[in-house]
Amino acid sequence: MNHFSKFALRAALAVSSALLLAASASAAVLTTKISVDNSYTAYLATADNLTGTQFASGTDWGVPTNGSITLGSAAQYFLHIDALDAGGVAGMIGQFSLTGSGYHFANGLTSLATGSSFITGNATGFTGSYGAVTAYGTNGVSPWNYQPAYAADSQWIWVGNNDTNNRSFFTVAILADAPASVPEPSSLALAALGLLALGRMRAKKQ
């Protein structure tokens, strides 16, 4: 094998490795930290009228619970939270983030906290119809007091009256990023094959 053929082979291997790395790097992960007075279940859905796949839950508002789930390749996702109150005032506080690449929240960022207008909900279920939720104070407000796991400006939220409504269904939209202007994997693969073919032709002539 001559020098050019070796170069072409190395180039093809490099392209293949780059494609594999790009595929793995594109996987986005949704991470949640949530406290609900009194309990919750979190789901990831591909439509706002579907419950989705359960990936986190909690039953003690004084102990924040974490959850994470890997996103696939859908054009959009929805974080759904079914929050239940067992009596007395109700509330939810939380922080959400996206790592990896390819997705963002409706605020255009990869992080979101309760109190944002981009968190909507209703009292009937994951129906596809949601409205504004009510904020009941920032982290530290009574009766929950300060929760060090959350940012100081995170807010306790609920749908409607948090003293009479015992269930809230929250939804958070997750949107795919605009496609980057990069060569398609098929084009890169064809270029690598072309280098290999050219290298073989030169080797035969020599």
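The values are calculated or read from the model by the stated rules, or taken from the named source; none is laboratory data. This is a predicted model, so every value here is computed, not measured. All Cβ positions, glycine included, derive from the backbone under ideal geometry; neighbour counts span all protein chains shown. These accessible areas exclude ligands, DNA and RNA; they are computed on the full protein's heavy atoms, side chains included. Shrake-Rupley method; radii C 1.70, N 1.55, O 1.52, S 1.80 Å.
Summary table
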read-out: Computed over segment 74-122, Kirkwood Rh from alpha-carbon pairs, angstrom; value: 12.7 Å
read-out: Inter-probe distance in nm under a simple model that places probes 7 Å from Cα toward Cβ, at Thr46 and Ala106; value: 2.1 nm
read-out: Carbon/sulfur fraction of accessible area - segment 67-146, other protein chains in place, 1.4 Å, %; value: 54 percent
read-out: Cα centroid separation - segment 102-137 against segment 68-98, whole Å; value: 9 Å
read-out: Relative packing of peptides 70-77, 120-127 - highest average C-beta neighbours within 10 Å first; value: 120-127, 70-77
read-out: Cα gyration tensor, segment 75-174 - rounded (a/c under 1.5), prolate or oblate; value: oblate
read-out: Value of relative contact order over segment 44-173, rounded to a whole percent, pairs C-alpha under 8 Å and six or more apart; value: 31 percent
read-out: Formal net charge of residues neighbouring Gly125 (Cβ-Cβ distance under 15 Å; K, R +1; D, E -1); value: -1
read-out: Within-15-Å neighbourhood charge of Val36 [Cβ basis; K, R +1; D, E -1]; value: -2
read-out: Whole-number accessible area per residue in Å² for segment 35-149, which is evaluated in the context of all protein chains at 1.4 Å; value: 44 Å²
read-out: Packing-based order for 138-148, 81-91, using average beta carbon neighbours within 10 Å, highest first; value: 81-91, 138-148
